[in-house]
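To start, the structure itself, in structure tokens.
Bear in mind that the values in this text are calculations on the coordinates, not laboratory data. Note that this is a predicted model, so its numbers are computed, not measured. As a convention, Cβ positions derive from the backbone with ideal geometry for all residues, glycine included, and neighbour counts pool all protein chains shown.
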Amino acid sequence: MTGIHIVKRNGEKEVLDLEKMHKVVFEACSNINNVSASEVELKSHIQFYSGMTSSEIQETLIKAAAELITEDTPNYQWVAGNLINYHIRKEVYNDFEPCDILELVNQNVKSGFYDKALLGDYSVEEWEKINGFIRHDRDFDITYVGMEQFRGKYLVQNRVTHKIYETPQMAYMLIAATLFSNYPKEDRLRWVKDYYDAISTFDISLPTPVMAGVRTPQRQFSSCVLIETDDSLDSINATSSSIVKYVSQKAGIGVGAGSIRAINSPIRNGDASHTGVIPFYKMFQAAVKSCSQGGVRGGAATLYYPVWHYEVEDLLVLKNNKGTEDNRVRHMDYGVQFNKLMYERLMTGGNITLFSPQDVPGLYEAFFNDQDKFRELYETAERKTSIRKKTVPAIELFSSFMNERKNTGRIYLQNVDHANDHSSFDTKVAPIKQSNLCCEITLPTKPLSSVMDEEGEIALCTLSAINWGNIKSPKDFEKPCELAIRGLDALLSYQDYPLIAAELATNNRRPLGVGIINFAYWLAKNDTNYSDPNLELVDEWTEAWSYYLIKASNNLAKELGPCPKSNETKYGDGVVPIDTRKIEIDELVSHKERMDWKSLRADLKEYGIRNSTVMALMPAETSAQISNSTNGIEPPRSLVSVKQSKHGVLKQVVPGIHKLKNKYELLWDQKSPEGYLKIMAVLQKYIDQGISVNTSYNPVHFEDEKIPMSVMLQHLIMFYKYGGKQLYYFNTFDGQGEIDINALNDEPLEPGLIDDEDCEGCTI
């Protein structure tokens, strides 16, 4: 190799030193079982040439180590992760050893990457103590896929040149320091350290907006945005403008648009005929796609409407690939809203009558806040010949819904009576009228008359999750739950709000959504699975998780005061989620109170609650990859999954593969989603918001490999019976088999073969 010169990161040239490369690979493999440095080097097939950069050599070695990741040799995920870590450290520090954190803060504040408030919030003495808290060796606990996500999405960098300006532990520490900067000086460093320890050891997972944004000048971190429109041009225009504002902030959007009147309805006292809802849906779609997220793709939204809307037959097909552009609005997802009366009509072989909302005054509002009144108004309207209506057999409408859901995968469901009856809000004054992009958020909204309307209400929710895989027993939930609540509550006060309706609503209600990751690993560790779950165990652990989250918010209320609209919550009356559960859940697992709910109910009555909601089970794509966890509450598709994202092909190994390989139940091995849906029912029993519940079917388990409509409807009814609120994706195995990871070395995945998450904000 004499005569070959390598270009270093600083632009200097030096003679190629193979020993230096060997040393790096050897160090990356040290203390890791069943890996070989020579295998990595052989796999790399590096063709050295003069002018080759040291970064090119490093990237080639990383790719080689990643290609060696298989079910039999999973530990190469740590080797590849270590190599990325070396690469990042050299780029950030020009050395392997990190610099002092204050030095980094000064550099990045000066260059505009960090929030300048960091320097004013803490003294030099405090920064010295913070520097002593950092455990840089924890970067070596991050796998290949986690490190790839860090350098692709989360680490502060120049998005044009891709130069990185921090390492993962620095990012974690600065997130902690930022969130707790306003705590009393006498003990805030304790909270900074505890929170740093929790997020850097993956006890707590944080969403993309927080991971990428907290410590930077950007100050909008809410993941989910819910915007409602009413039946007026001013409100529709305000909704569209609000969507643009929040899409530009990378948030996922939920649009409540069910109140817009139907086609051919009279407007201006009969001066004109209404064009129907589809042109306005197109308007919302244009707003959603108007701003790119990360410069790669447009935003994402789910639009909600009731199943009894006069135009529902046309609305159900909006997303499919039939028809023309004139009668399709394909680039949004849709949530169809049901209630008990609609299911009754299905089960009794009855009809569903379709109305334009404005033709039956009070019907749309009662659909959410008063089921008895809705039934009365609905049945009265059915009898009135003067009201325009259509009648459709319930089985026909439900079947159409399920067909579109199956064929598109992205027609969702919301049971509005469960969403309200089993919410944390007094629905007479704060009804739930929609959900968010990913179907886990249930918060009150009010339409805007203009973008500056202070009487409207845009609901925001800020997310995180507890890693069940790290918890040894139910009592161990207490500390991470407290830290999760405190961190997110502090975030609400720290962040900025682009719209006054969002700021006022958030300050008044202070809603949070703490979820779960690594659930499949937890099941496997406890020798149970999705198809035949130990529901007693699920119930016991969920109870503790829920109890400690509510208790943490109640303790914050004692300390900082309740949220201003605590009086509009059931919590303020001492009512907790188990008190409003669907009683049929007791058929699945007998109800018992293991925690001290009696005392907590009394404290809630006396002190209120700091956060009107505290729980939500969201998708957890990226955060699960960072923490080497299974995805949220979902079963893994394979033991070594391959994901195609805008950052390339990523391989992720399920945790504990050596010991638990035969304990995991993979998604497509399930013959039915029944067990999974029963788990969701038990989880929902303790949750004040919702769950991103997916239904998945492998046709191979059915006759002629076709999923019968009767089976899908049976599961839909079962989901309703046990109190389910929302259904998210419908997944169908296409029969092509999982991707052969060994074939990926030279053949990259086709774009779109595996989707990246739709919204960087909504999935944590």
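Net charge near LEU413: determine it from the other residues with C-beta under 12 Å of the C-beta of LEU413, scoring Lys and Arg +1 and Asp and Glu -1.
Computed value for this residue: +1.
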| What per residue convex hull volume, in Å³, do the alpha-carbon atoms of the chain yield? | 161
| message | Whole angstrom only: what separates the Cα centroid of region 21-92 from the Cα centroid of region 518-555? | response | 38
| query | Near VAL451, within a Cβ-to-Cβ distance under 13 Å, what is the net charge of the other residues, with Lys and Arg +1 and Asp and Glu -1? | reply | -4
| said: On a 18 Å Cα-Cα criterion, which of the cross-link pairs LYS129/LYS185; LYS63/LYS651; LYS551/LYS605 come out too long? | reply: none
| message | Students often forget the sequence filter, so: which aspartates and glutamates lie under 16 Å Cα-Cα from LYS558 once same-chain residues fewer than 8 apart are removed? | response | GLU482, ASP489, ASP573, ASP603, GLU606
| remark: Going through LYS663/LYS685; LYS475/LYS678; LYS570/LYS598; LYS13/LYS90 one by one, the pairs whose alpha carbons sit over 18 Å apart turn out to be LYS663/LYS685; LYS475/LYS678
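About the Cα centre of the chain, how large is the charge dipole given +1 on each Lys and Arg Cβ and -1 on each Asp and Glu Cβ? Please answer in debye to the nearest 20.
860
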| Using the Cα gyration tensor of region 476-535, with a ≥ b ≥ c the square roots of its eigenvalues, what is the shape: rounded (a/c below 1.5), prolate (a/b larger than b/c) or oblate (neither)? | prolate
| message | Compute the distance from the alpha-carbon center of region 595-615 to that of region 681-727, in whole Å. | response | 31
| query | With a ≥ b ≥ c the root eigenvalues of the C-alpha gyration tensor of region 315-445, is it rounded (a/c under 1.5), prolate (a/b larger than b/c) or oblate? | reply | oblate
| task | Using the Karplus curve 6.51 cos²θ - 1.76 cosθ + 1.60 with θ = phi - 60°, work out ³J(HN,Hα) for each residue of region 189-197 in order, rounded to whole Hz, and write x for Gly and Pro. | result | 5, 5, 5, 4, 5, 4, 5, 4, 4
| message | Need the full-extension length gain, LYS322 to LYS185, defined as separation in residues times 0.36 nm minus the C-alpha distance. One decimal, nm. | response | 43.1 nm
| query | What is the extension gain from ASP496 to MET709, computed as 0.36 nm multiplied by their sequence separation minus the C-alpha to C-alpha distance, in nm to one decimal? | reply | 71.9 nm
| field | Residues with amide H under 5 Å from that of TYR412, placed H, sequence gap 5 or more | value | TYR334, GLY335, VAL336
| query | For LYS592, which aspartates and glutamates qualify as cross-link partners when the Cα separation must be under 15 Å and same-chain residues fewer than eight apart are set aside? | reply | GLU536, ASP539, GLU540, GLU543, ASP579, GLU584
| note | From DSSP H assignment alone, runs of 4+ in the chain each adding -39500 (n - 2.57), the sum over residues rounded to the nearest 500 puts [θ] at 222 nm at -11500 deg cm²/dmol
| message | How big is the dipole moment of region 187-251 about its Cα centre under a simple scheme where the beta carbon of each Lys and Arg is +1, that of each Asp and Glu is -1, and everything else is neutral? Debye, nearest 20, please. | response | 500
| query | Of ASN470, GLN157, GLN495, which is farthest on the positive side of the dipole of the chain, counting Cα position, with +1 on Lys and Arg Cβ, -1 on Asp and Glu Cβ, and the Cα centre as origin? | reply | GLN495
| Which of the aspartates and glutamates could a cross-linker bridge to LYS163, judged by Cα under 20 Å and excluding same-chain residues fewer than eight apart? | GLU12, GLU56, GLU59, GLU91, ASP95, GLU97, ASP100, GLU103, ASP115, ASP139, GLU148
| said: To test your reading of the geometry: what angle, between 0 and 90 degrees and rounded to tens, separates the Cα axis of helix 54-67 from the longest principal axis of the chain? | reply: 60
| task | Please name whichever of TYR722, ILE263, ILE199 sits farthest to the positive end of the charge dipole of the chain, dipole taken about the Cα centre and charges placed at Cβ: Lys and Arg +1, Asp and Glu -1. | result | ILE263
